[in-house]
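Encoded as structure tokens, the structure appears first; notes follow it.
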Amino acid sequence: MTEPGDHGDLDGPPRGAIIAAVVVAVAAVVGLLAYVALRQAPSDKPISIPLASAPAPEADSEQCRALMASLPDTMGDFRRATIADPAPAGAAAWLGPAGIEPVILRCGVERPDDFVVGAPLQMVNAVSWFEAGGQGASTWYSVDHGTPAMYVALTLPQGSGPTPIQTISELIEKAMPPRPLDPKPAR
């Protein structure tokens, strides 16, 4: 005979099955959270970036060091990456989603050859940018901040969106004083 409130096997699944189900559910949630956290962590894998065509004589300048020290770990979907040694001074990179080229910043580079009088510029925040043509990724040069011989190059892959150039523009405004434009004579 059962006592009042004691329904024996009529109460549902055995206590052991309930505990096992809770443990499995908690493990699944913890596993999912760990996967998401690791997927969004900045990459420690060094990457190689082509820099042979971009000398950066001002990369060790005080203004470039200030800019480099202020760079974020993330810019939208892009996460800061370690550049493979020998890492040049004044260089930084961010990796994006799989299949997208990295965002690459070079501080202290020389004036681009195509930056001539009358070249179209794009204002982002209070920074003027000149776009150098290219296939796929495009390289933008800040042309109105820093010393007269200093430019910041930002290479953006197609589909990177506005976040990287907006973020870098804000940091350039803080790290480098504005200066007059100094394009080459028109051709």
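No value in this document is a laboratory result; all are computed from the given coordinates. Keep in mind it's a predicted model, so treat the numbers as computed, not measured. Note that each Cβ is placed from the backbone with ideal geometry, even for glycine, and that neighbours are counted across all protein chains shown.
Amide H to amide H, with H built 1.01 Å from N, Tyr151 comes under 5 Å of Gly108, Val109, counting only residues 5 or more places away or on other chains.
Sorted ascending by nearby beta carbons within 10 Å, beginning with the fewest, Val103, Val117 become Val117, Val103.
By counting other Cβ atoms within 10 Å of each Cβ, how are Cys107, Cys64 ranked from fewest to most? In increasing order of surrounding Cβ atoms, one gets Cys64, Cys107.
Determine the sum of side-chain charges near Thr147: Lys and Arg each +1, Asp and Glu each -1, restricted to other residues whose C-beta is under 11 angstrom from that of Thr147.
Details: positive: Arg179; negative: Glu58, Glu62, Asp182.
Summing Lys and Arg as +1 and Asp and Glu as -1 gives -2.
The amide H of Ile83, built 1.01 Å from its N in the peptide plane, has Ile47 as neighbours under 5 Å, considering only residues 5 or more places off or on other chains. Projected onto its three principal axes, the C-alpha set of region 55-137 covers 37, 31, 25 Å, listed from the longest axis down. The reciprocal of the average 1/r between distinct C-alpha atoms defines the Kirkwood hydrodynamic radius, which for region 67-187 equals 14.7 Å.
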